[in-house]
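To start, the structure itself, in structure tokens.
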Amino acid sequence: MGRAMLIICAGLLVALSYTFFGFVTGREGISQRNINTYEAVKAKNTANTGVQIAIQKYNEDDSWRGPETVNYEDASLTLSLQQVNPDTIEITSNSTFSNADHSVISAFDISQNQQLVPDFQGAISLINGNFDFEMDGNPSINGIDSDGDCQGQKPGVTVPTSSDTSDIVNTQGYQDGKIEGNPAVAVDDGSVDFNEVSDLIETLSQQPGAQHISGQYNGDLGTASDPGVFIIEDYTKLSGGIEPGYGILVIRSGGELDLEGELDLAGNVEFNGLVVFENAFDFDAAGTPDINGTLLFGKTDSNSNPTPIDINGNVTFQYDCDAKKYADASVNDLLNTTIYNQLSVYE
């Protein structure tokens with residue numbers, strides 16, 4: 001009996017050892033599978049993050065193509081970009097994390113940009129605040145596009161909603177035929193938020209590509225193929241004979257713009273795009289400058305005094321919807337406002 005019991009106990013111990021061994025082996029197998037799953041998920045997530053990193057590199061330098069190796073959260077990423085056509089790019093992101101690999105190939109439509117420049121509402125838009133408005137000489141403010149390419153016609157002047165400025169503008173200009181548009185009279189318009197315009201100006205002014213000009217200036221003001229952003233914060237005199245400018249021209253608080261032109265066409269100062277007066281007082285336009293696009297006046301400070309606007313001489317403010325493309329292009333060049341619409345993704 002005793003010997004039989006020993007044999008039975010020995011058998012149980014052997015059986016239990018096999019069971020324990022199987023249990024340990026099973027736990028090791030489960031742990032390894034969990035590790036493999038974690039590594040695979042990590043590799044997949046970092047590969048998708050790599051696509052965003054590649055987009056950021058392309059935003060900073062649109063000539064970037066890779067391949068480039070980047071370390072991200074203990075994973076190794078190999079990134080590259082292919083320009084399929086002018087409107088499409090394809091990004092490849094390969095991720096290696098521990099023993100797991102994952103690849104993502106994503107195509108994007110880059111034909112569209114964020115529209116940060118407000119729509120042109122007229123030849124001149126007085127956006128917020130109080131304004132005193134005077135016209136002397138033979139100025140022209142015209143909201144009817146000269147080429148007829150714009151859908152619909154704009155008023156010559158828009159004024160802040162709930163403002164009595166329209167009466168002042170119409171008294172000064174409409175009766176003498178100096179303001180034209182559809183309608184010809186100044187109209188109320190509250191569609192443009194000048195705080196947003198001011199935020200855009202502040203962002204643009206801090207970009208390395210923005211040009212800060214002052215003093216006697218007879219230099220470059222952008223071209224139709226390469227429009228720019230020009231910031232005036234001090235007294236600036238644009239002399240006659242300067243080449244036509246394109247893009248965005250900003251006169252900030254403390255800035256004073258003196259447009260000096262000649263009587264002949266070759267001596268005119270001409271700017272095509274968006275011109276913004278931000279908290280700039282005593283605007284005095286004389287001579288024969290031509291502004292094609294739109295001119296915005298607005299205030300961000302708490303000064304409640306009316307802003308004097310004196311338009312005289314032979315100055316021309318001509319609404320031109322096509323000029324907005326120069327303003328848009330100058331912003332897109334500095335800020336890279338590309339919208340990435342995903343077309344496809346393969347993993």
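The values are calculated or read from the model by the stated rules, or taken from the named source; none is laboratory data. For clarity, every value in this text was computed on a predicted model and none was experimentally measured. Reconstructed Cβ throughout: ideal geometry from the backbone, glycine too, with neighbour counts over all protein chains shown.
For the reader, a short list of remarks on this structure follows.
- Residues of region 95-144 satisfying the condition of being β-branched (Val, Ile, Thr) and touching a residue at least 60 places away in the same chain (Cβ under 8 Å): Val104, Ile105, Ile110, Val117, Ile124, Ile127, Ile141, Ile144
- Subset tally (residues that are in contact with an Asp or Glu (Cβ under 9 Å, 6 or more places away or on another chain), closer than 16 Å to Met135 by Cβ and not hydroxyl-bearing (Ser, Thr, Tyr)) for region 307-335: 9
- Boolean, Ser106 is hydroxyl-bearing (Ser, Thr, Tyr) and closer than 27 Å to Val229 by Cα: no
- Remark: pairs (first residue in region 307-332, on the phi > 0 side of the Ramachandran plot; second residue crowded, with 19+ Cβ neighbours inside 10 Å and not in a strand (DSSP E or B); Cβ separation under 6 Å; 6+ apart in sequence or on different chains) = Gly313/Gly287.
- Within region 74-95, being under 13 Å from Asn45 (Cβ atoms) and either polar (S, T, N, Q) or under 24 Å from the mean Cα position of the chain (by Cα) (or both) holds for Ser93, Ser95.
- Filter result for Asp109 (modelled with pLDDT of 90 or more and within 30 Å of Ile201 (Cα to Cα)): yes
- Residue that is surrounded by 21 or more Cβ atoms within 10 Å (Cβ to Cβ) and either under 19 Å from Ala329 (Cα atoms) or touching a Cys at 6+ places or on another chain (Cβ under 6 Å) (or both), where the choices are Gly181, Gly209, Gly245: Gly245
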